[in-house]
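Peer 1: Below you will find the structure I want to go over with you.
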Amino acid sequence: MQEPAAGPADPVVRLAGVSVDIERVPVLRGVDLTVHRGESVGLVGPNGSGKTTLLRLLATLLTPARGQARLFGAEFGSRECDALRPRIAFVGHTPALYAQLTLRENLRFLARLTGRPDAAADEALALVGLAGVADRRAAGCSQGMQRRTDLARAVLTEPLLLLLDEAHTGLDSSSAPLVEALMAQVAARGGASVVVSHDRPRLTAAVDRLVEITGGRAVENTVEDAVVSVVEREGV
Ligand SMILES: Nc1ncnc2c1ncn2[C@@H]1O[C@H](COP(=O)(O)OP(=O)(O)OP(=O)(O)O)[C@@H](O)[C@H]1O
């Protein structure tokens, strides 16, 4: 897969004073956030604070009303930024699966759309522990199985920016390491992950640092131990 043209010094995400309005209502206000290559960032905040909106912005599904937003140095809306879209994986709250297709068909469809062999789809399903049920229709699968299939979709597309909303919802404790394994894969290829979860202990254990959104107005690092190492690394 083609790597972004940006230099190695460019962070994966750089938001400076970014505001997002939805239906003319301000949802994010003056957000500053930098996510470096190799990092895994946990996003926390109360219901309605703007976590999903921030993930949707990072997925380039929303346009900033104000401020500057860059992915690997490419300004949002530019041709360079659009070219990076196939390298963004966004796993939302609800499974992005065709209910009437089997898990294998869902993955193979995505593989063909993205120019990958069927074997890559089967490998991704095996990686999330679903090889044995690959021929079940998605509609007949449990929430956790559907969730794992969504994670397999993210594995398949080899993302450089992994965005997980409600990362731990529907996953039992034995499946939680999958999220961490996926984030580690992304970090190893020089990408980064931004992950929302209401399971704060699990999230804290899985990420390099936590970032908190308060009323959509600003993004601040929390003072938990997980944050300190990154702050020190950045020399802040
Ligand atoms: N499509 C939309 N139309 C109108 N308002 C919206 C829309 N999407 C989000 N909002 C509003 O933006 C604010 C932030 O929503 P968002 O879903 O980003 O919050 P969140 O932090 O992810 O919440 P939760 O923890 O409940 O999932 C809320 O006040 C919400 O009502």
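Every number in this text was worked out from the coordinates using simple rules, so none of it is lab data. This is a predicted model, so every value here is computed, not measured. In this analysis, Cβ positions are derived from the backbone assuming ideal geometry, glycine residues included, and neighbour counts consider all displayed protein chains.
Peer 1: In percent, what relative contact order does segment 19-84 have, based on Cα pairs under 8 Å that are 6 or more apart in sequence?
Peer 2: Averaging sequence separation for qualifying contacts and normalising by length gives 28 percent for segment 19-84.
Peer 1: Still on this model: Using Cα pairs under 8 angstrom and six or more residues apart, how large is the relative contact order of segment 89-151, in percent?
Peer 2: 44 percent
Peer 1: Now a separate question. Evaluate Rg over Rh across segment 89-151, taking Cα atoms for both radii and Kirkwood's formula for Rh.
Peer 2: Dividing the radius of gyration by the Kirkwood radius yields 0.92.
Peer 1: Nothing charged except the Cβ atoms of Lys and Arg (+1) and of Asp and Glu (-1): what's the magnitude of the dipole of the chain about its Cα centre? Round to the nearest 20 debye.
Peer 2: Once rounded to the nearest 20, the dipole reads 560 debye.
Peer 1: I've got another one for you. With charges only on Cβ, +1 for K and R and -1 for D and E, what is the dipole size of segment 1-112 about its Cα centre, in debye, rounded to 20?
Peer 2: So the dipole magnitude of segment 1-112 works out to roughly 220 debye.
Peer 1: I would also like to ask the following. Whole-Hz ³J(HN,Hα) for each residue in segment 120-128, computed from phi via Karplus 6.51 cos²θ - 1.76 cosθ + 1.60 with θ = phi - 60°, x for glycine and proline: what do you get?
Peer 2: 3J(HN,Hα) across segment 120-128, in whole Hz: 5, 5, 5, 5, 5, 5, 5, 4, 9.
Peer 1: Considering the dipole of the chain built from charges on the beta carbon (Lys and Arg +1, Asp and Glu -1) around the Cα centre, which of Y98, V27, A167 is farthest to its positive end?
Peer 2: Most positive-ward Cα: Y98.
Peer 1: On a 0 to 90° scale, report how tilted helix 225-234 is relative to the longest principal axis of the chain, with both axes built from alpha carbons and the result rounded to the nearest 10.
Peer 2: The angle comes out near 70 degrees.
Peer 1: If you count, for each residue, the other Cβ atoms within 10 Å and average over each peptide, how do 170-183, 151-164 line up from highest to lowest?
Peer 2: Going by the mean number of other Cβ atoms within 10 Å, highest first, we get 151-164, 170-183.
Peer 1: How high is the relative contact order of the chain? Use alpha-carbon pairs under 8 Å, at least six apart in sequence, and give a whole percent.
Peer 2: About 27 percent, as a whole number.
Peer 1: At 0.36 nm per residue, and after removing the present C-alpha to C-alpha distance, how many nm does the segment from D21 to R200 gain when stretched out fully?
Peer 2: Fully extending the segment from D21 to R200 adds 61.7 nm.
Peer 1: Quick one: which residues, 5+ away or cross-chain, put their amide H under 5 Å from the amide H of R29? H built at 1.01 Å from N.
Peer 2: Here V20, R217, A218 satisfy the definition.
Peer 1: Tally the DSSP beta bridges in the chain and give the antiparallel ones as a percent, rounded to 5.
Peer 2: 55 percent
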